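What follows is a single structure, written as structure tokens, with notes after it.
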Amino acid sequence: MTAKIIDGKQVAAQMRDELKEKVARLKTKGVTPGLAVVLVGDDPASKSYVTAKEKACEEIGIYSDDNRLPADTSDKDLLALVDKLNKNSKIHGILVQLPLPKHIDEDKVLLAIDPKKDVDGFHPVNVGKMVVGQDAYLPCTPHGVIQLLIRSKVTLDGAEVVVVGRSNIVGKPLANMLIQKSKTGNATVTVCHTRTKNIAEHCKRADIIIAAAGRPHTITADMVKDGAVVIDVGVNRVEDATKKNGFRLVGDVDFEAVKEKASLITPVPGGVGPMTITMLLYNTVQSAEKTLSQ
Ligand code: NAP
């Protein structure tokens, strides 16, 4: 079997069109969704993520408020900015680009964001609400994975899912969302990590494998059941002398071999990646919509 490719760019474009319409409707009611992006320092990868997020906002009509601070910004100054953004009624979402410079207490900054504006879904209030199945901002990458699965008509109800990775931003929230008693959950989930004894045995049982380990070739063809759905969250740089920048991006899945066994598979790049920013826009629009009912 050769897998059908799940085109993340196409699904993201469809969702962004839906969001564009929502933004236009909000504007007729006098509300322009606003996202504040905060970048501390000049890490090149973070800079390019922030630029991509701001461009995506602009494309669908969200106002983006750019806050770039020098690398030596103090905790106090950053917290003061967050406080100002919390109080600004034009801002519906606040995104502090991670990682922050080492001298800043990341947890303290994330805790300072008003949970109502926590469009990254990292604040413990939102994490807690998600776990108990209450309305919450869902973290963008895991939510993007769920949307990819649903929009590709993959049945989650009763499915055996193996998530490889247990980070706070991908693996743990994803596993939590998938076990919720809801129409976007109801899966039976196994979470694997570096202390799991036989990852291959778990994966071989899975109807759906989601790889979020951050290691190339974590999932090889012999670990995949015929017809399984394989979602690759990983983004890894591997040296490639044929590329101008000297590297190429690969996922955690041995794509070429696994696509011959899976029924559906996401590529890297062009799979989960485009969904992450889209879900950030989704949360920002959701936050702006909530102001209408307040
Ligand atoms: P992370 O914080 O480094 O966590 C990686 C997790 O994978 C850890 O739980 C680790 O286990 C586990 N792991 C590592 N190697 C493993 C192996 N060989 N076998 C089994 N488990 C293994 O990474 P992350 O932030 O979750 O990100 C994961 C990957 O997704 C990265 O490549 C990242 O770049 C990518 N990512 C992509 C997007 C996107 O938008 N496409 C967004 C976020 C992340 P332990 O807990 O035991 O150490």
Mean Cβ-within-10 Å packing, highest first, puts peptides 190-203, 11-24, 259-272, 153-166 in the order 259-272, 153-166, 11-24, 190-203
Projected onto their principal axes, the Cα atoms of the stretch 1-104 stretch, largest extent first, over whole-Å spans of 51, 45, 17
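Under the rule of -39500 (n - 2.57) per DSSP H run of 4 or more residues, summed and divided by the residues of the chain, what mean residue ellipticity at 222 nm is obtained, to the nearest 500 deg cm²/dmol? Don't skip to the answer; put the middle values down first.
Details: 10 runs with 118 residues, N = 294.
The per-residue figure over the chain is -12500 deg cm²/dmol.
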HN-Hα couplings for the stretch 254-263 via Karplus (6.51, -1.76, 1.60; θ = phi - 60°), in whole Hz with x for Gly/Pro, come out as 6, 3, 4, 6, 5, 5, 7, 10, 7, 8
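Please report, in debye to the nearest 20, how large the charge dipole of the stretch 31-115 is about its Cα centre when each Lys and Arg carries +1 at its beta carbon and each Asp and Glu carries -1 there. Let's see the in-between values first.
Details: 10 positive and 15 negative charges, 31 e Å.
Value, rounded to 20: 160 debye.
Sort 171-177, 1-7 by the packing proxy (mean of other Cβ within 10 Å over each peptide's residues), most packed first. Write down the numbers at each step before the final one.
Working: 171-177: 22.7, 1-7: 15.7.
Taking the mean over residues of other Cβ atoms within 10 Å, the ranking is 171-177, 1-7.
How far, in nm, would the chain grow between LEU98 and ASP72 when pulled straight, counting 0.36 nm per residue and subtracting the alpha carbon separation?
On the way: separation 26, 0.36 × 26 = 9.36 nm, distance 1.51 nm.
Full extension of this stretch gives 7.8 nm more.
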Magnitude of the Cβ-charge dipole (Lys and Arg +1, Asp and Glu -1) of the stretch 118-223 about the Cα centre, nearest 20 debye, reported as 160
Protection proxy (average C-beta count within 10 Å per residue), highest first, orders 204-212, 60-68 as 204-212, 60-68
Computed over the Cα atoms of the stretch 140-274, the Rg and Dmax in Å are 14.2, 48
Surpassing 26 Å at the alpha-carbon level, of the pairs LYS55/LYS102; LYS55/LYS172; LYS53/LYS108; LYS55/LYS153, are LYS55/LYS102; LYS55/LYS172; LYS55/LYS153
Expected vector for the stretch 284-294, Karplus 3J(HN,Hα) from phi with 6.51, -1.76, 1.60 and θ = phi - 60°, integer Hz, x for Gly and Pro, equals 5, 5, 4, 5, 5, 4, 5, 5, 5, 9, 8
Dipole check, the chain, charges on Cβ (K,R +1; D,E -1), about Cα centroid: among MET223, LEU249, PRO101 the Cα furthest to the positive pole belongs to MET223
Cross-link reach from LYS27 to lysines, straight Cα distance under 18 Å and at least 8 residues apart if same chain, gives LYS90, LYS290
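How far, in nm, would the chain grow between VAL131 and VAL238 when pulled straight, counting 0.36 nm per residue and subtracting the alpha carbon separation?
Working: separation 107, 0.36 × 107 = 38.52 nm, distance 3.54 nm.
Net length gain for the segment: 35.0 nm.
All of the numbers you see were taken from the coordinates with simple rules; none came from a lab. Computed from a predicted model, the values in this text were never measured in an experiment. Neighbour counts run over all protein chains shown; Cβ positions are idealised from the backbone, glycine included.
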